[in-house]
Amino acid sequence: MSLWALLSGGNSMPVRKTTGQRIALWCGYRLAVRNKNTKIHPTCAISPEARICPRDGRIEIGAGSCISLGALIQGNVRIGENSSVQAYSILVGYGGKDNPAGLIRIGNSVRIASHVMMIAANHKFEDPDRLIRTQGLHCKPITIEDDVWIGGNANIIAGVTVGKGSVIGAGSVVTKDIPPYSVAVGVPARVIRSRTPSVSLADE
């Protein structure tokens with residue numbers, strides 16, 4: 001058992017109920033902001049077992065947001081206020097601090113369940129005479145608008161926007177934009193209904 005597990009009482013969600021939990025969260029915050037290109041609001045709850053690194057980009061996390069143990073947040077990523085990234089989810093953005101080509105942008109009040117994956121780039125592989133690893137990347141942004149819930153093990157593909165108020169079912173693979181207030185499930189994800197009758201579902 002790790003020191004952090006002892007301090008947190010085994011809670012996967014970073015909380016501040018005990019002295020040990022407060023110590024763990026203080027350490028998690030300090031570890032996360034040690035890079036000058038990381039800006040995290042002091043009210044955030046960051047597990048010391050999360051892995052947060054901006055690489056060549058910039059990471060920003062807004063007030064009241066929560067990053068759980070084992071979450072991997074790398075590269076160019078912006079997370080809004082009161083959002084959560086649960087255990088072992090992976091968010092990897094690309095591009096530089098001022099280059100949004102592979103930016104992952106998460107809105108306010110977004111819920112990202114465990115083991116969700118968002119990678120804002122794909123390998124180029126057009127030339128069969130060259131190693132794939134030498135052909136570079138196609139970087140495309142990923143945008144998750146406000147008040148979205150993404151179920152566990154979902155995969156959001158580079159270039160996708162998930163509209164405000166939407167729900168993505170567990171295990172779904174989202175390969176194209178999802179309209180606001182939609183419920184989408186499956187591989188590839190398909191909109192099965194709207195959460196509001198005023199929204200037209202072109203996919204039905």
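Listing for the model above:
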| read-out | value |
| --- | --- |
| Of the criteria (1) closer than 18 Å to LEU91 by Cβ; (2) open to solvent by less than 40 Å² (accessible area, probe 1.4 Å); (3) not hydroxyl-bearing (Ser, Thr, Tyr), which one ASN155 fails | (2) |
| Within region 104-144, considering residues that are in contact with a Pro (Cβ under 9 Å, 6 or more places away or on another chain) and within 20 Å of PRO188 (Cα to Cα), the one least open to solvent (accessible area, probe 1.4 Å) | ALA120 |
| Restricting region 76-102 to residues that are of a type outside the set (Asp, Glu) and farther than 23 Å from ASP147 by Cα, the residue that is surrounded by the most Cβ atoms within 10 Å (Cβ to Cβ) | TYR94 |
| Region 120-176: number of residues that are basic (Lys, Arg) and either touching a Cys at 6+ places or on another chain (Cβ under 9 Å) or assigned to a strand (DSSP E or B) (or both) | 0 |
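The values are calculated or read from the model by the stated rules, or taken from the named source; none is laboratory data. Treat the numbers as computed from the prediction; the structure is a model and nothing was measured. Don't worry about glycine lacking a Cβ; one is built from the backbone with ideal geometry, like all the others, and counts go over all protein chains shown. Heads up: the accessible areas ignore ligands, DNA and RNA and are worked out on the full protein's heavy atoms, side chains in. Shrake-Rupley method; radii C 1.70, N 1.55, O 1.52, S 1.80 Å.
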